[in-house]
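> One structure coming up, written as structure tokens, with questions to follow.
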Amino acid sequence: MRILIKKDKDEVGICVADYLIKKIKAFKPTKLKPFVLGLPTGSSPIPTYKELIRRHKLGDISFKNIITFNMDEYVGIPENHPQSYHYFMYDNLFNHIDIPEKNIHILNGNAPDLERECVEYEKEISKVRGIELMLGGIGADGHIAFNEPGSSLSSRTRIKSLSYNTILDNSRFYDDNISKVPTKALTMGVGTVMDAKEVLIIITGFNKARALREVVEGSISHMWTVSMLQMHQRGIIVCDEMATMELKVETVKYFRNIENIAADNMFKTF
Ligand code: GLP
């Protein structure tokens, strides 16, 4: 695992966007060999998306040969609802870049057969030979996508009932009214996320400090589903200083030290 510690969420966004752009350029995507990218929603990736848009407008990066797969979507809210993940993705990224519509994949939480939708999503990912780089965020309880505590660490894309914690957390987007928050979602499984060739998780803010400690210093556990990152050969966490508040000083020093050594070797050293 690599951990990159940045000053604040804006520096995290610049670092992640820059890393992604370097990866895409090194990959040299074409129509026949597109770059397949997994994407999250939430407040954590917003600075990254802003920076990607800025760099795109500068002519630094094109998304024409990028295929995206979003991690999750609520069940039962219309795509044009301001809290749907469809709406979020178009509003915060897709409307501002040159990605072809047909390259965008987001689970349909209104599909007539939700189970089939999940199976088909996995098939779509396989058809393009898997995800090259999966970006993710986490919940304060260490969940990845909507893989709530207790989810199988080898789970695939499926329907999940959301935990009370997540519903409470999300009520900030629904006039602080718990009864308005969707209770179910379609989500990539932990196994689906971990199948990506590289997984980069953004963790920012003091309210994620405990989760970061569990992921980095704790054991692999289905109660902190993102802890599965410990098993990934190319797992990266980019976090801000506030999120490191519960890590041991020794842990922070170690990762800062290897960051310096590996700065020129971003793509190789883990
Ligand atoms: C939801 C999403 C996750 C996201 C999490 C944290 O649960 N399904 O993918 O990581 O929210 O969101 P935020 O970044 O706003 O803290």
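The values are calculated or read from the model by the stated rules, or taken from the named source; none is laboratory data. Model, not experiment: these values are computed from the prediction. Cβ atoms come from the backbone with ideal geometry, glycine included; neighbour counts cover every protein chain shown.
> Would you confirm, using the coordinates I've provided, whether Met242 is crowded, with 17+ Cβ neighbours inside 10 Å, touching a His at 6+ places or on another chain (Cβ under 6 Å) and touching a residue at least 12 places away in the same chain (Cβ under 8 Å)?
Considered against the rule, which asks whether it is crowded, with 17+ Cβ neighbours inside 10 Å, touching a His at 6+ places or on another chain (Cβ under 6 Å) and touching a residue at least 12 places away in the same chain (Cβ under 8 Å), Met242 comes out as no.
> Test Val216 against the criterion of being part of a helix (DSSP H, G or I), under 15 Å from Ile144 (Cα atoms) and within 13 Å of the ligand (Cβ to nearest atom), and give yes or no.
Here the answer is no, as Val216 does not meet what is asked.
> Could you check, for the range 134-152, whether at least one of its residues is on the phi > 0 side of the Ramachandran plot, modelled with pLDDT of 95 or more and more than 17 Å from the chain's Cα centre (by Cα)?
yes
> Please enumerate the residues belonging to the range 47-58 that are surrounded by fewer than 19 Cβ atoms within 10 Å (Cβ to Cβ) and either farther than 27 Å from Met242 by Cβ or within 16 Å of the ligand (Cβ to nearest atom) (or both).
Lys50, Lys57, Leu58
> Tell me, yes or no, whether the range 231-238 has at least one residue that is over 30 Å from Ser126 (Cα atoms), among the charged types (D, E, K, R) and at pLDDT 95 or above.
Checked against the condition, which is being over 30 Å from Ser126 (Cα atoms), among the charged types (D, E, K, R) and at pLDDT 95 or above, the range 231-238 yields no hits at all.
> So which residues in the range 226-259 are assigned to a helix (DSSP H, G or I), of a type in the set (A, V, I, L, M) and farther than 17 Å from Gly137 by Cβ, if there are any at all?
If the condition is that a residue be assigned to a helix (DSSP H, G or I), of a type in the set (A, V, I, L, M) and farther than 17 Å from Gly137 by Cβ, then Met231, Val249, Val252, Ile258 are the ones that fit.
> Can you list residue pairs whose Cβ atoms sit under 6 Å apart, with the first residue in the range 68-94 being more than 14 Å from the ligand (Cβ to nearest atom) and the second being among the aromatic types (Phe, Trp, Tyr)? Count only pairs 6 or more apart in sequence or on different chains.
Leu93/Tyr49
> Continuing with the same structure: Determine whether Ile14 is in contact (Cβ under 8 Å) with a residue 40 or more places away in the chain and not hydroxyl-bearing (Ser, Thr, Tyr).
no
> Tell me the residue from Ile66, Ile99, Ile125 that is among the hydrophobic types (A, V, I, L, M, F, W, C), more than 21 Å from Thr192 (Cα to Cα) and touching a strand residue (DSSP E or B) at 6+ places or on another chain (Cβ under 7 Å), please.
Ile99
> So which strands (runs of 3 or more DSSP E) stay within the range 70-181 end to end and still have 3 or more residues that are more than 23 Å from Thr48 (Cα to Cα)?
Passing ranges, in order: 158-161.
> Let me ask something additional. What pairs can you find where one residue is in the range 158-179 and more than 15 Å from Asn147 (Cβ to Cβ) and among the aromatic types (Phe, Trp, Tyr), the other is away from the ligand (no atom under 13 Å from the Cβ) and assigned to a helix (DSSP H, G or I), and their Cβ atoms are less than 7 Å apart, with a gap of 6+ or different chains?
Tyr174/Lys180
> From the list Leu107, Leu114, pick out the single residue that is surrounded by 15 or more Cβ atoms within 10 Å (Cβ to Cβ), touching a residue at least 24 places away in the same chain (Cβ under 8 Å) and in contact with a helix residue (DSSP H, G or I) (Cβ under 9 Å, 6 or more places away or on another chain).
Just a single option satisfies the conditions, and that option is Leu107.
> Condition check: near the ligand (Cβ under 10 Å from one of its atoms), buried (at least 16 other Cβ atoms within 10 Å of the Cβ) and among the hydrophobic types (A, V, I, L, M, F, W, C). Does Ala140 satisfy that?
Answer is no for this residue.
> Kindly indicate the residue of the range 150-183 that is more than 12 Å from the ligand (Cβ to nearest atom) and among the basic types (Lys, Arg) and also surrounded by the most Cβ atoms within 10 Å (Cβ to Cβ) among those meeting that condition.
Arg158
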